[in-house]
Amino acid sequence: MNDIDIRALRLNKCLAKVLKGFKPPENITVSEWADKYRVLSGNAEPGPWRTARTPYLKEPMDSFNDPMVNRIIVVACSQVGKSELELNIIGYVIDVEPDTIVFLQPTVNNAKKFSKLRINQLIRDCKKLKNKIRADKSKDSNNTVLEKSFPGGMLIMVGTNAPGDLASTPARIVLADERDRHARSAGKEGDPFQLARARQTTFKKRYKSVEVSSPTVVGDSRIADSFYEGTQEYWCHQCPECKNWHVIEFKDIRFDYEEIKNSNTKEPTYKVDLKGWACPSCGIISSEYEMKKQPQKWVAKNPDAYKDGVRSFWIKGFANTWADWSEICLKFLQCKKDPYKLQVFMNTVLGELWEDRGDIETEDVYLSRREEYSADLPDGVLCLTCGVDTQDDRLEYEVVGHGRYKEDWGIHKGFILGRPDDPETWKQLDDVIDRVYYFQNGKGLKIQLTFVDSGGHYTKDVYAECWKRQHKRVFPIKGKGGEYRYTGVPSKLKIQVGNTIQTCHLFTIGVDSGKSQIMNKLRVQEIGPSYSHFPLNSELGYNEQFFNGLLSEHLVWENSSWRWKKIPGHERNEPLDCRNYANAAVETLNPNWDAIERRLNDVQENIPIKSAKKKHTNKYLDRYSTDW
């Protein structure tokens, strides 16, 4: 044996020692890794993980292994295993494909809690991971509650309410838990999730981002926005009768129930009689047991997004293997009267977006209840008022008819294009105010009081134009929030009109009180006292856009008080403001309904008209007379 052979033999022996115990990375997917190595404890079904028990999680997990996919979005209700999906991905990365992971939680406390309860449990119960990550030690800077080091990478857990510098360290993998509950901004730097994703720019097409969350509110759900950018895959069941594939949704569940009133409590209890699921295609009702045994699969509505590397999945409540359908129906009955409990039910139990209107119906309901008026004014209208909202490029108005017992009728909703500092704009408003609106019998009414919003960029112009029309009872108003009374005594303003100083009356109205009154009236379902009518004729302006604006705000509990805020997805609230001002006008007038009705019916008055007016109307309006 020559010297070269001896050196080669020694080299082979050295390599054998170095490579002793070395195993090449496994060619394995996330779901396969979890089935092989993951162990559950403190779970409803402790023991080895079985993907077959949650078949809807297989595709989302294995998308992580697809080189064509960079973004994975999972919208899901509670208790379907979305946290287990994240844990399986983390375990797989640590063991098979080590790299840096940034894991975002809504708050720092959430991150600490998840680390202590779930991450530590994952490591403790999985031998493959236990040998790679040391136990938490406060003196070991490489392994703390929020940072876990392992060979080849690190897991960094961050709360979006205190994110630090999210864009400082490169990270190929970003996980975002409960995306809809993340902080809106990391200080002044913007969306924390987008900052975390900025860490991935150097990895080009190798990066992976995973967003997981229950949905929240229509128009304001970030996880839903992300979902619609992807393949839009829904977990579907096959109908045993017609063989069509459908998502099982609550609206298709058929059940009867018995309401049992309790003498000891105000709230009743319920007994549910579940019938089953009615197929939207064939209408045949199938039992819960039958549907859970049916074939199931993901169905994509936007498969072309796969080319862009974005897969998105939506797991709704009835996909849950363990979900008891009768229990879901019972939960609905228990919370249906409380809008806040109902939102939690929609988001977490059903996995559906919530349109937060309290117990107010949707635009479609009010569109469908519109009526055919036989003339400009239906029978029952005794007084007309007008509310005007000012915008930089237009005036929006609504003429509202009022009757006894706070019953009202929408008469005309419209807008006038033109700036509020242009006299021509106000001349067009005169056409609305001066017009006579007729009943079917030929008699008519004019608008008795018009309130014009003076907020915005043209306050002085509004004051001046209203002063010119005080003889028509056109007055500026300013709104005041909180618990301010709805209407009250006007204040006197000194304004300049041309070269003279004039006195203008300004009414202050409690807009929050007015909005509450509007919403309370919209809840009334039977024609009569406090019922709001709307005309069917689309030319009168009562279309979908009107109802979208009328229903644009809701009450929220914020900073220890109730506040009116816009519902996400409803950007325009002018119809609500116009109705509010018109209602405030009739409250200010406080009409004598008997006297008006006698005039309309040509019944001779037994008392002087003037004294009747003084008794019933606002004394500040008496000087500005107008024909009823």
Neighbour-count ranking [beta-carbon atoms within 10 angstrom, fewest first] of 416, 315: 416, 315
Ascending count of other beta-carbon atoms within 10 Å, so fewest first, for 285, 567, 527: 527, 285, 567
Local electrostatic count at residue 281 - Lys and Arg +1, Asp and Glu -1, tallied over other residues with Cβ under 12 Å: -1
Within region 245-280, backbone nitrogen closer than 11 Å to the virtual label 7 Å beyond the Cα of residue 290 toward Cβ: 276-279
Helical contribution to [θ] at 222 nm, DSSP H n ≥ 4, -39,500 (n - 2.57), averaged over the chain, rounded to 500: -8000 deg cm²/dmol
Rg(Cα) / (2.2 N^0.38 Å) computed for region 191-305, rounded to two decimals: 1.57
Rotationally averaged projected area of region 434-473 (alpha carbon convex hull; nm²): 3.4
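Starting with the fewest neighbours, write out 291, 68 ranked by other beta-carbon atoms found within 10 Å of each beta-carbon.
With the fewest neighbours first, 291, 68 line up as 68, 291.
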Added length on full extension, which subtracts the Cα-Cα distance from 0.36 nm per residue, residue 254 to residue 602: 119.6 nm
Length gained when the stretch residue 489-residue 278 is fully extended (0.36 nm per residue, less Cα-Cα span): 70.1 nm
Net dipole in debye of region 387-447 [+1 Lys, Arg Cβ; -1 Asp, Glu Cβ; about Cα centre; nearest 20]: 500
Spin-label proximity, residue 371 to region 497-538 - amide N less than 13 Å from point 7 Å beyond Cα toward beta carbon: 525-537
Environment charge of residue 549, counting only residues whose C-beta is closer than 13 Å and scoring Lys/Arg +1, Asp/Glu -1: -4
Förster radius 30 Å - calculated FRET efficiency between residue 563 and residue 337 (Cβ-Cβ, nearest 0.05): 0.85
FRET efficiency, residue 36 to residue 344 (Cβ-Cβ, R0 41 Å, nearest 0.05): 0.65
Cα-derived Rg to Rh of region 316-408, Kirkwood definition: 1.20
Charge dipole of region 374-591 about the Cα centre (unit charges at C-beta), most positive-ward option of 490, 377, 463: 490
Cα-based equivalent ellipsoid of region 389-454: semi-axis lengths in Å, sorted from largest, via gyration tensor: 25, 14, 9
Inter-label distance for residue 361 and residue 127, nm, one decimal - labels placed 7 Å from Cα along Cα-to-Cβ: 6.4
Net charge dipole size for region 374-591 [Lys, Arg +1 and Asp, Glu -1 on Cβ; Debye, nearest 20]: 760
Rg to Rh, two decimals, where region 374-591 supplies the alpha carbon set and Rh follows Kirkwood: 0.95
Kirkwood Rh in Å, taken over the chain so that all alpha-carbon pairs contribute: 29.6
Kirkwood Rh (inverse of mean 1/r, distinct Cα pairs), region 221-372, angstrom: 17.7
Under 14 Å from residue 480, Cα to Cα: aspartates and glutamates that are on another chain or at least 8 residues apart: 453, 512, 577
Virtual paramagnetic centre 7 Å along Cα→Cβ of residue 118, amide N under 11 Å, in region 52-79: 79
Cubic angstrom per residue, convex hull over Cα atoms of region 507-597: 147
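All of the numbers you see were taken from the coordinates with simple rules; none came from a lab. All values derive from a computational prediction rather than experimental measurement. All Cβ positions, glycine included, derive from the backbone under ideal geometry; neighbour counts span all protein chains shown.
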